[in-house]
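Trainee: Before I ask anything, here is the structure I am working with.
Derivation of every value follows stated rules applied to the coordinates shown; laboratory data play no part. Model, not experiment: these values are computed from the prediction. Cβ coordinates were reconstructed from backbone atoms using ideal geometry, including for glycine residues, and neighbour counts include every protein chain displayed.
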């Protein structure tokens, strides 16, 4: 039985490359989107549609399945993560972000310049960002 993986935000940018890599590894991949962007994965993936900003939409979409791993490419705030995890409990939850590349709009940073352990941690909602 193949490992079940959910990818939130798997149709654009680095998400589509992540999805293809997971498919190539033979994993059972589901992509979760708002349904606005078409993908090129055909029958190689399962799809669920929900609105990340609506908890009821998340609840309806995610309480039916279990996933060993969730890759979250579209968590913009800590509250996004907390709400999502109320309705699904993966063995592993991985947040991916390109935010460090846009840290305070300094485009001359490289990966070595960003230490997540040194960044302040605070719980926020979308309205506070």
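Trainee: Give the number of residues within the stretch 26-68 that are under 23 Å from residue 13 (Cα atoms) and without any contact (Cβ under 8 Å) to a residue 60 or more places away in the chain.
Mentor: 28
Trainee: I've got another one for you. Considering only the stretch 6-21, state which residues are without any contact (Cβ under 8 Å) to a residue 40 or more places away in the chain and surrounded by 19 or more Cβ atoms within 10 Å (Cβ to Cβ). Before you say what the answer is, go through the steps one by one.
Mentor: Going through the stretch 6-21, the residues without any contact (Cβ under 8 Å) to a residue 40 or more places away in the chain turn out to be 11-12, 16-17, 19-21.
Within the stretch 6-21, 11, 16, 19 meet the criteria.
Trainee: Within the stretch 22-45, restricting attention to residues that are over 15 Å from the mean Cα position of the chain (by Cα) and within 12 Å of residue 5 (Cβ to Cβ), which residue is surrounded by the fewest Cβ atoms within 10 Å (Cβ to Cβ)?
Mentor: Within the stretch 22-45, the match that is surrounded by the fewest Cβ atoms within 10 Å (Cβ to Cβ) is 26.
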